Amino acid sequence: MVRRTIAIGGGLLLLILLVFAFRGCLDARKERAMEDYVRGANELTKLSQAESRQLFDILSAPSDSDQSINRENQANALRSDSATLSDRARDLDVPDELSEANDYFVEALDLRRDALAKVADELPGALADEERRNSTAQIADMMQVFLASDVLQIARFEPSAKAALQKEDVNATIAKGSLRFLEDIQWVNPDYVADQIAGIRGTGGGSATPGAHGDGLGTVSLGGVALTPGASATVPLTSDIAFDVQVVNQGESTETDVSVQVTVGQGGDAIKAEETIPEIAAGEAKNVTIPLTKQPPTGQNVPITVRVKPVPGEEVTDNNVGEFTVIFTR
C-alpha cells in the first residue's frame with residue numbers, strides 16, 4: 001500500500017512537472033512570436049518614414065522645369081514602394097495578442113499608400129499649366145490623410161501594442177521615433193502646399209544658377225560632444241548648450257541663404273530651431289551654431305534630426321539629413 005501511494009505521488013509529480021514544462025515552452029514561443037512581430041513592424045515603420053523624407057523632398061526641394069519629369073517619376077516610384085509596404089504588413093506573422101494593434105498598423109500604411117498614389121496622380125497637373133489649382137488642392141487634401149495615418153500609428157497602434165507587450169511581460173519596444181509620416185504640420189495648409197509646388201515649377205522659392213548644386217551635412221556636435229548617426233551619445237545639459245553643424249558645398253556654384261534645421265524630440269513637444277548660412281562657396285565647408293533654447297528631457301533617449309534644406313537646383317538630397325540619439329544629463 002505504501003509503495004502504491006509513493007508510485008501514485010511520483011506519477012502526479014512527474015505529470016505536474018510535464019505540465020509546467022509544456023506551459024513554459026508555450027510561453028517562450030509566444031514571447032518569441034511577439035518579439036518577431038515587433039521587429040518586423042519596426043522595420044516597415046522605418047521604411048515608411050524613409051518614404052516620407054523622399055516625398056517631402058520631391059514636393060519642396062526647389063527645381064527647374066527640366067527636373068519636373070524626374071520628380072514625377074520619383075513620385076510614381078513611391079506609389080509602388082508604398083503598395084509593397086502595405087502588402088508586407090499584411091504578410092506579418094501576427095500573434096493573437098497583437099492582432100488589434102496590427103489592424104491599426106495596416107490601416108495606417110494603407111492610408112499612406114492611397115495618399116501617395118493620389119499625390120503621384122496629381123503631381124503632373126500641379127506642375128503643368130492646365131488645372132494647376134485643382135491638382136494642387138488635391139495634393140493638399142492628401143496631407144490630411146497622412147495626418148490621419150499618424151494618429152492611427154501614435155494614438156492607436158503604439159498604445160495597443162505596448163499594452164499587449166506589457167501584459168505578456170515581453171521585452172520589445174515599438175520604434176516610436178519613426179511612427180510619424182507628416183514631417184511638418186504646415187503641410188496641411190493648402191496655401192503652404194501651393195507655395196512649395198510653385199517652387200518646384202520655378203515660379204517661387206528662388207531659381208538655380210547653371211551647374212551642379214548641392215550641399216551635404218558634415219560633422220555635427222552638441223555641447224562639444226560629437227554625434228554619430230545610429231549611435232547614442234551622452235551630453236551634459238548646460239544653459240548655453242548649442243549645436244555646431246558643418247555644411248559642405250558639394251556643387252559647382254556658390255550657394256546663399258543655406259538653411260539648417262534641428263529637431264530635438266518628436267511630436268508636439270519637439271524642440272525646433274533653425275539658422276541660416278549666408279553664403280558657401282563651391283567646395284567650401286562652413287559651420288553654423290544653433291542654440292538649444294528650450295530644455296529637453298533628461299535621462300532618456302531623445303531622437304534628434306539635423307537637416308540641411310535643399311538649395312535651388314539640388315537633385316540629390318540623401319546626404320542632407322542626419323538622425324542621432326542623445327541622452328541629456330544634468
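Details
- Looking across the stretch 289-330, the residues that are aliphatic (A, V, I, L, M), within 30 Å of R71 (Cα to Cα) and crowded, with 20+ Cβ neighbours inside 10 Å come down to I304, V306, V308, V311.
- Of the candidates I174, I197, the single residue that is within 23 Å of the chain's Cα centre (by Cα), modelled with pLDDT under 90 and in a helix (DSSP H, G or I) is I197.
- Filter pass, K286 being among the basic types (K, R), modelled with pLDDT of 90 or more, surrounded by 17 or more Cβ atoms within 10 Å (Cβ to Cβ) and not in a loop (DSSP other than H, G, I, E, B): yes
- Residue-level analysis places K294 outside the set of residues that are assigned to a strand (DSSP E or B) and closer than 29 Å to E158 by Cα.
- Residue that is modelled with the lowest pLDDT, among those in the stretch 246-255 that are part of a strand (DSSP E or B) and either farther than 17 Å from T289 by Cα or not β-branched (V, I, T) (or both): E255
Listed here are the residues, each with its yes/no results for (1) under 20 Å from E323 (Cα atoms); (2) at pLDDT below 90; (3) over 27 Å from the mean Cα position of the chain (by Cα); (4) not assigned by TED's automatic domain parsing to the domain that holds M142.
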| position | (1), (2), (3), (4) |
| --- | --- |
| P210 | no, yes, yes, yes |
| T228 | yes, no, no, yes |
| P236 | yes, no, no, yes |
| D244 | yes, no, no, yes |
| D257 | no, yes, no, yes |
| D269 | yes, yes, no, yes |
| E275 | yes, no, no, yes |
| P278 | no, yes, yes, yes |
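- Test for A172: is it aliphatic (A, V, I, L, M), surrounded by fewer than 17 Cβ atoms within 10 Å (Cβ to Cβ) and more than 25 Å from N70 (Cα to Cα): no
Table: residues versus (1) within 25 Å of Q196 (Cβ to Cβ); (2) assigned by TED's automatic domain parsing to the domain that holds E183; (3) within 21 Å of the chain's Cα centre (by Cα); (4) modelled with pLDDT of 90 or more.
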site: L92; (1), (2), (3), (4): no, yes, yes, yes
site: A108; (1), (2), (3), (4): yes, yes, yes, yes
site: D121; (1), (2), (3), (4): yes, yes, no, yes
site: P124; (1), (2), (3), (4): yes, yes, no, no
site: R132; (1), (2), (3), (4): yes, yes, no, no
site: F146; (1), (2), (3), (4): yes, yes, yes, yes
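- Leading residue by the ranking (nearest to E72 (Cα to Cα)) among those in the stretch 91-137 that are polar (S, T, N, Q) and either touching a strand residue (DSSP E or B) at 6+ places or on another chain (Cβ under 8 Å) or surrounded by fewer than 17 Cβ atoms within 10 Å (Cβ to Cβ) (or both): N134
- Every residue from the stretch 221-270 that is in contact with a Pro (Cβ under 7 Å, 6 or more places away or on another chain) and crowded, with 17+ Cβ neighbours inside 10 Å: G223, A242, V264, G265, Q266
- Subset tally (residues that are in contact (Cβ under 8 Å) with a residue 40 or more places away in the chain and under 30 Å from A175 (Cα atoms)) for the stretch 277-317: 19
- Any chance A101 is among the small types (G, A, S) and either modelled with pLDDT of 65 or more or not assigned by TED's automatic domain parsing to the domain that holds A175 (or both): yes
- Members of the stretch 309-330 that are over 16 Å from the mean Cα position of the chain (by Cα) and either part of a strand (DSSP E or B) or acidic (D, E) (or both): E314, E315, V326, I327, F328, T329
The values are calculated or read from the model by the stated rules, or taken from the named source; none is laboratory data. Just so we're clear, the structure is a prediction, and the values are computed from it rather than from any experiment. Cβ: placed from backbone, ideal geometry, glycine included. Neighbour counts: every protein chain shown.
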